[in-house]
Amino acid sequence: MTPRRQPRRGSGRFAVIGVPYLWLLVFFLLPFLVVLKISVSEMEGATFSDLVSWRDGALAFSVKLGTYALLLQDDLYLATYLSSLKYAAATTLLCLAIGYPFAYFMARARRSVQPALLMLVMLPFWTSFLLRVYAWKGLLSENGWAAEAIAALGLDRLLAAAGLIAGPGQLMNSPFSLVLGMTYTYLPFMILPLYSTLEKMDLRLLEAAYDLGATAWVGFWKITVPLSRAGIVAGSMLVFIPCVGEYVIPELLGGPQTQMIGRTLWDEFFSNNDWPMACAVAVAMILLVIVPVAIFSKVRAEAVEQGR
């Protein structure tokens with residue numbers, strides 16, 4: 001009998017690793033390089049100048065860095081970047097504060113109830129994102145259900161005193177309506193990673209802590225929270241990153257005082273028709289996003305190492 005050929009491990013390993021990298025190369029790196037190229041090019045009507053050209057028998061490089069210098073000099077861009085980071089951070093903290101108890105309750109619920117709770121979290125995805133944002137616009141506008149409930153409870157006066165709305169009853173086009181819309185939209189992205197992490201936690205560790213005299217609160221802070229750190233970081237990144245570049249929600253629910261980088265990017269592309277400047281804004285925004293992604297990768301790698 002002829003011996004059966006063993007499959008080569010190298011080819012399978014290369015396919016598993018190479019396919020995701022090929023996907024990133026085609027759908028992220030190449031478009032990013034195109035955007036980077038436009039950001040350092042001179043706009044000539046509807047075309048862009050070449051970065052490398054042949055002149056008088058020699059290669060000539062033409063790179064325009066004025067767009068990036070303007071990003072650092074113009075206060076408008078710095079203000080919009082800081083505004084985007086501020087509202088994205090506020091949304092992330094609110095989603096964590098709301099999502100963690102809900103994910104904890106889901107993970108500790110009976111097995112027969114967990115699918116129904118998971119369905120409730122995913123139910124908003126069955127409706128168009130744009131329709132859900134428009135729904136909040138109607139709820140928070142004058143005579144809207146949410147606006148009337150907030151006014152009846154007197155919360156609008158507290159929001160006005162905190163500077164989150166212009167005045168009592170003026171809920172729309174304010175930081176409050178913006179953060180509320182983004183929190184509602186991205187809350188499931190926080191709950192799902194947290195639930196996945198908490199549901200896999202070994203409850204025997206809590207039992208051991210209680211046997212050693214730890215209270216429920218101490219067991220939660222010393223065991224549950226550290227073991228769910230990977231879910232916290234994953235959920236925070238899934239909320240924070242898209243919030244930084246959000247355009248639709250600030251456009252529909254925010255106002256002039258809630259200008260974010262997504263709106264600035266749209267203005268540069270379509271209102272000013274300044275594609276190099278718009279691409280420079282996009283490149284800077286991507287660099288802002290890469291930093292938290294690197295932090296997430298480091299924390300996740302540490303969690304994996306601790307799990308071993």
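Where a number appears in this text, it was derived from the coordinates with a stated rule and is not lab data. Remember, it's a predicted structure, so these values are computed and weren't measured experimentally. Quick reminder, even Gly has a Cβ in these numbers, built from the backbone with ideal geometry, and neighbours come from all protein chains shown.
Values computed for the structure shown
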read-out	value
Ascending count of other beta-carbon atoms within 10 Å, so fewest first, for V248, V26	V26, V248
Helix runs (DSSP H) in the chain reaching 20 Å along axis by Cα, Kyte-Doolittle at least 0.5	9-24, 75-108, 175-199, 229-244, 275-307
Residue with peak Gaussian network fluctuation, the chain [Cα springs, cutoff 10 Å], from I232, I17, I38	I17
Structure-based [θ]222 nm, the chain - -39500 (n - 2.57) summed over DSSP H runs of at least 4, per residue, nearest 500	-21000 deg cm²/dmol
For the chain, built as a Gaussian network whose Cα springs stay under 10 Å, the top-fluctuating residue of L71, L171, L25	L25
Relative exposure of S228, S128, S41, S196, judged by other C-beta atoms within 10 Å (fewest first)	S128, S196, S41, S228
Estimated vicinal HN-Hα couplings, Hz - region 216-225 in sequence order (Karplus 6.51, -1.76, 1.60; Gly, Pro = x)	4, 5, 5, x, 5, 6, 8, 10, 5, 5
Among (1) 19.4; (2) 17.8; (3) 28.5, the entry derived from the coordinates for mean projected area of the Cα convex hull in nm²	(3)
Charge dipole (debye, nearest 20) of the chain; +1 at Cβ of Lys and Arg, -1 at Cβ of Asp and Glu	1780
Neighbour-count ranking [beta-carbon atoms within 10 angstrom, fewest first] of M285, M172	M285, M172
